[in-house]
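*Asks:* Below: one structure in structure tokens.
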Amino acid sequence: MAKKQRQSTSTAEQAGLKIRTAKSSDVARITELSGQLGYPATPAEIAQRLRKIKPASQHAVLVAELPGGKVIGWLHVSVSPLIEVELRAEVNGLIVDDEERSRGTGALLLRAAEQWARSRGCKSMSVRSNVIRERAHQFYLRHAYEHYKTQKAFRKPL
């Protein structure tokens, strides 16, 4: 499996893919990709949400950019100081364009997020994934994430 992961990553790296912090000029593309993830929004809504993701010491929104400047994926990671466990980070969202999947982009985004988390003293990284996203589950398992719990999520509008 490690060999397969290395091959996927090298494909994205060979394509000259760059992982960087999101900028305001990425809003339109982040909006499109959020829709692919199943979270439709307007560019104005995404721009407002990005402005509220603070402080930078506890949140990062990373994008994967092709050499021509096209953003083909994004990842939001945050530090989660909790009482019950050591400092950890959480992947709050990760999407790669439908047309660009299985080329190593997600792996590069995930690796960058893990490096970001380590640099902030995090001892682990968590991610939650909808039960219907079986392909995503396999992705995380290939990258040494352990399925350790199944839970129900509850929401209440305020």
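*Asks:* Going through 60, 47, 107, 113 one at a time, which residue ends up being out of contact with any Gly (no Cβ under 8 Å at 6 or more places or on another chain) and either β-branched (Val, Ile, Thr) or outside any helix (DSSP H, G or I) (or both)?
*Replies:* Only one candidate qualifies: 60.
*Asks:* Continuing with this model, one more query. Just to be sure I understand, how many residues within region 110-125 are more than 19 Å from residue 137 (Cα to Cα), in contact (Cβ under 8 Å) with a residue 40 or more places away in the chain and open to solvent by 90 Å² or more (accessible area, probe 1.4 Å)?
*Replies:* Qualifying residue count, region 110-125: 0.
*Asks:* Here is a further query. With respect to the numbered conditions (1) outside any strand (DSSP E or B); (2) touching a residue at least 60 places away in the same chain (Cβ under 8 Å); (3) of a type outside the set (Lys, Arg); (4) open to solvent by less than 40 Å² (accessible area, probe 1.4 Å), which one is the sole condition not fulfilled by residue 102?
*Replies:* In the conditions (1) outside any strand (DSSP E or B); (2) touching a residue at least 60 places away in the same chain (Cβ under 8 Å); (3) of a type outside the set (Lys, Arg); (4) open to solvent by less than 40 Å² (accessible area, probe 1.4 Å), residue 102 misses (4) alone.
*Asks:* Just one of the numbered conditions (1) modelled with pLDDT under 95; (2) more than 26 Å from residue 24 (Cβ to Cβ); (3) not hydrophobic (A, V, I, L, M, F, W, C) is not true of residue 57; which one?
*Replies:* (2)
*Asks:* Then there is this: Condition first: of a type outside the set (Val, Ile, Thr) and open to solvent by 100 Å² or more (accessible area, probe 1.4 Å). Now tell me which residues in region 143-152 satisfy that.
*Replies:* 146, 147, 148, 149, 151, 152
*Asks:* Can I ask one more? Would you check if there is a residue in region 64-81 being at pLDDT below 95, outside any helix (DSSP H, G or I) and charged (D, E, K, R)?
*Replies:* Looking through region 64-81, none of the residues is at pLDDT below 95, outside any helix (DSSP H, G or I) and charged (D, E, K, R).
Results for (1) surrounded by fewer than 18 Cβ atoms within 10 Å (Cβ to Cβ); (2) closer than 21 Å to residue 125 by Cβ, shown as yes or no for each residue.
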| position | (1), (2) |
| --- | --- |
| 20 | yes, yes |
| 23 | yes, no |
| 51 | yes, no |
| 74 | no, yes |
| 80 | yes, yes |
| 83 | yes, yes |
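The values are calculated or read from the model by the stated rules, or taken from the named source; none is laboratory data. It should be emphasised that the depicted structure is a prediction, and the values quoted were computed from it without experimental measurement. Glycine also receives a Cβ, built like all others from the backbone with ideal geometry; neighbour counts cover every protein chain displayed. Just the protein is used for accessible areas: all its heavy atoms, side chains included, with ligands, DNA and RNA removed. Shrake-Rupley method; radii C 1.70, N 1.55, O 1.52, S 1.80 Å.
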